[in-house]
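Asker: Here you go, one structure.
Just so you know, all these numbers are worked out from the coordinates, no wet-lab data involved. As the structure is a computational prediction, the values presented were derived from the model and not from experiment. Quick reminder, even Gly has a Cβ in these numbers, built from the backbone with ideal geometry, and neighbours come from all protein chains shown.
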């Protein structure tokens, strides 16, 4: 079965990113070719080898527009799933450290979304409105954490970066949802493991989320029609405290 389109996922690590990518690539679920971007080459290579059983493998943004495997496909989903954490006492954190950590995460999210948005418009006739054509151009998803809502002691840089990306998602959605691009910020409050319910007791009893369940949720978000779009989604296992 030929792919229905393609997805780009940055943060393709061996745990939650791998599970999301598999759902998007699986012919019986998302049926998309998946372009994977990761900072760890070994993790990316291992994940690509597994995905090639059900998809066209991984490409960078530049290669996507040139490679024959993606040439006739449209970008349907772009997921920013990068991990970001810095725990350090406030007085032990220098202004330079704070700036580097916040800027690296937020600028990365901004650049990723900007490139995804440009490609979605280029493939779908530009910045046309829903009134002109109600068809959805694509979905951009930012995976956030509870740190985007509130932070804790020694997590100043972490909270600043996480909350800033939430604001990027909000601004992007308000500016471009009327032009047929769906933007979602999710809050993953709790651990995510790339295991099935049968393999892990914590997942089975709702102490942790499974990566596959997160992937299914992201696929569902990408399939929402313009009459009801979810802009922010709080995800947590049943036993997670809040």
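Asker: Subtracting the Cα-Cα distance from 0.36 nm times the residue separation, let me have the gained length for residue 129 to residue 207 in nm, one decimal.
Answerer: Here the answer is 23.8 nm.
Asker: Going by average Cβ density within 10 Å per residue, which order do the peptides 191-199, 212-220, 29-37, 72-80 take, highest to lowest?
Answerer: So the order, starting with the most tightly packed, is 29-37, 72-80, 212-220, 191-199.
Asker: When the chain is treated as a GNM, springs tying every alpha-carbon pair under 10 Å, which of 181, 203, 23 comes out with the largest mean-square fluctuation?
Answerer: It is 203.
Asker: To continue, here is another question. Given the -39500 (n - 2.57) contribution per DSSP H run of 4+ residues, what per-residue ellipticity at 222 nm results for the chain, rounded to the nearest 500 deg cm²/dmol?
Answerer: One gets -12000 deg cm²/dmol as the mean residue ellipticity at 222 nm.
Asker: Given a Förster distance of 41 Å, report the FRET efficiency between residue 239 and residue 74 from their Cβ-Cβ distance, rounded to the nearest 0.05.
Answerer: Efficiency, from the Cβ-Cβ distance: 0.55.
Asker: Mark the label point 7 Å from the Cα of residue 152 along Cα→Cβ and return the residues of the stretch 193-217 whose backbone N is within less than 13 Å of it.
Answerer: Zone members listed by number: none at all.
Asker: Rounded to the nearest 0.05, what FRET efficiency is calculated for residue 227 and residue 198 with R0 set to 41 Å and r the Cβ-Cβ distance?
Answerer: Step by step, r from the Cβ atoms, then E = 0.65.
Asker: Taking the chain as a Gaussian network, where each spring joins two C-alpha atoms under 10 Å apart, which residue of 166, 22, 100 fluctuates the most?
Answerer: 100
Asker: Could you work out how much longer the chain between residue 97 and residue 67 gets when fully extended? Use 0.36 nm per residue separation minus the Cα distance between them, nm to one decimal.
Answerer: 7.0 nm
Asker: For the stretch 137-242, rounded, prolate or oblate, judged on the Cα gyration tensor with a ≥ b ≥ c (square roots of eigenvalues), a/c < 1.5 rounded, else prolate if a/b > b/c?
Answerer: oblate
Asker: Here is a further query. Please find, in a Gaussian network model of the chain (springs between Cα atoms separated by less than 10 Å), the residue of 143, 94, 186 whose mean-square fluctuation is greatest.
Answerer: Top of the fluctuation ranking is 94.
Asker: Using 0.36 nm per residue, how much length does the chain from residue 1 to residue 28 gain when fully extended, once their Cα-Cα distance is taken away?
Answerer: Here the segment from residue 1 to residue 28 would lengthen by 8.7 nm.
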